[in-house]
There are 2 protein chains.
Amino acid sequence: MTTTTDARERLVATAQELFAAQGVGPTSPRQVLAASGVGQGSLYHHFPTKHDLAVAAVGATVDEALTAARRDLEAGGPALERVIGYVRRPREALAGCKVGRLTSDQAVMDDDGLRDVVTAYFVRLLDAVTATLRDAGLPEAEARDRAHTAVAVVQGGYVLARATGDPEAMRAAVRGFVAMLKETP
Amino acid sequence: MTTTTDARERLVATAQELFAAQGVGPTSPRQVLAASGVGQGSLYHHFPTKHDLAVAAVGATVDEALTAARRDLEAGGPALERVIGYVRRPREALAGCKVGRLTSDQAVMDDDGLRDVVTAYFVRLLDAVTATLRDAGLPEAEARDRAHTAVAVVQGGYVLARATGDPEAMRAAVRGFVAMLKETP
DNA sequence: GTCTATAAAGTGATAGAC
DNA sequence: GTCTATCACTTTATAGAC
């Protein structure tokens, strides 16, 4: 590996930022070129097609998101508190979820490879939350349902915040959920 | 009004379908032309720009969605049961919410007029659910938070269903929410 | 491994005949 | 009110020099 390899890394990092800001479909290879500072032929050397660049960038974003979630869910303290810590974690609500938003990105959902990356993220996230709720003493079926509710509240919170233009909308959704969660043993 | 006015109606109906299927940004006026069967100059006669067509189509979709929600929330029966009826209503989970998906559509969020239509929908929807939960006996603050949670569960349910490719994911999120709602007076 | 130049197709929009 | 033809621009991608 030569030192020029970091052109590839800069391309992936730039693509991640642009994808998060405006989606995969609306982001052109040209924009990635301009924002990253690498040359035109250079991009197509490392990533022959937009698909290849997208797989690398979306894969990296998903890895980061899953790592953050597991950090919350496998922290110290009672299992229920760890789930509450996960849903309460401060988020850039107005930006939307970097992974969740991809589910309405046609360029992603029409691409088998990309869609699979998004699917794997949510399957693993739901499994992790379910396992934590099971640790909290819930029976399997209730743990699975409530894990879906928890993740849905976060994803829906992003939608409400973006729709209303107010980050408080997400916090209200989380507050309502946590209040109910604490009252239902 | 001449009978030729229905060219306009066909354009709006076709745009609604295409927007729901693939989003506003990725839908070109050309596609709307082809799918609706009207001529090229005809579209630009009724809607000088894509923005104008989008405002008409998104406005119609929002009106339909709000009407459906109010039908659930203002039905007969106890207030709490009406909220449960709203979140439980069968939905095309894999298609995504026709309005909620617009919050990650850059073509919508970058357009002041379109974004305002989406904002108004969610503000009104949240107000309607909040009012119903107040009728159910909840204090104002709790009613507002729980209304946000309810709408977030539906929106997040769509995200989970699309992400996992399984409509059951949305039903699980709703089941978890309803179970908690019934246990917390 | 990176560059410039360019191709083929699609985009939103306009012109002007009918 | 509707038509065909066309414009200026952007898209993804390739060619071939360095």
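The values are calculated or read from the model by the stated rules, or taken from the named source; none is laboratory data. Remember, predicted model here, so these are calculated numbers, not experimental data. We place every Cβ from the backbone using ideal geometry, glycine too, and count neighbours over all the protein chains shown. Heavy atoms of the whole protein, side chains included, go into the accessibility calculation; ligands, DNA and RNA do not. Shrake-Rupley method; radii C 1.70, N 1.55, O 1.52, S 1.80 Å.
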> From the label point of A:L94, set 7 Å from Cα along Cα→Cβ, how far away are the matching label points in the other copies, in nm, ordered shortest to longest?
Replying inline: 3.7
>> Spelling out what I want: for every residue of the range A:100-107, take phi, set θ = phi - 60°, compute 6.51 cos²θ - 1.76 cosθ + 1.60 (Karplus), and round to whole Hz; glycine and proline get x.
In response: x, 4, 5, 5, 10, 9, 4, 4
>> If I histogram all Cα-Cα distances within the range A:145-185 using bins 10 Å wide from 0, what percent of pairs lands in each bin?
In response: 32, 50, 17, 1
> Please identify the GluC sites (Glu not before Pro) of the range A:51-96 that satisfy two criteria: DSSP loop assignment and at most 14 other Cβ atoms within 10 Å. Which are they?
Replying inline: A:E74, A:E92
>> With just the Cα atoms defining each centre, how far is the range B:137-159 from the range B:81-110? Give it in Å.
In response: 14 Å
> So what are the radius of gyration and Dmax for the Cα set of chain A, in Å?
Replying inline: 18.5, 60
> Tell me, in nm to one decimal, what length is gained between B:A21 and B:A120 on full extension, where the rule is 0.36 nm per residue of separation less the Cα-Cα distance?
Replying inline: 33.4 nm
> Where does the charge balance sit around A:Y158 when Lys and Arg score +1, Asp and Glu -1, over other residues with C-beta under 11 Å from its C-beta?
Replying inline: +3
> Short version: what are the Cα gyration tensor semi-axes of the protein assembly as shown, square root of 5 times each eigenvalue, largest first, in whole Å?
Replying inline: 34, 31, 15
> Which residues in the range A:121-156 place their backbone N less than 18 Å from a point set 7 Å from the Cα of B:E183 along the Cα-to-Cβ direction?
Replying inline: A:129-153
> Which pairs in the list A:K98/B:K98; A:K98/B:K182; B:K50/B:K98 are over 27 Å apart, alpha-carbon to alpha-carbon?
Replying inline: A:K98/B:K182
> For the range A:3-183, what is the accessible area per residue in Å² when the probe is 1.4 Å?
Replying inline: 43 Å²
>> What does the net charge come to around A:T61 if you take all other residues with beta carbon closer than 13 Å to its beta carbon, with K and R at +1 and D and E at -1?
In response: -2
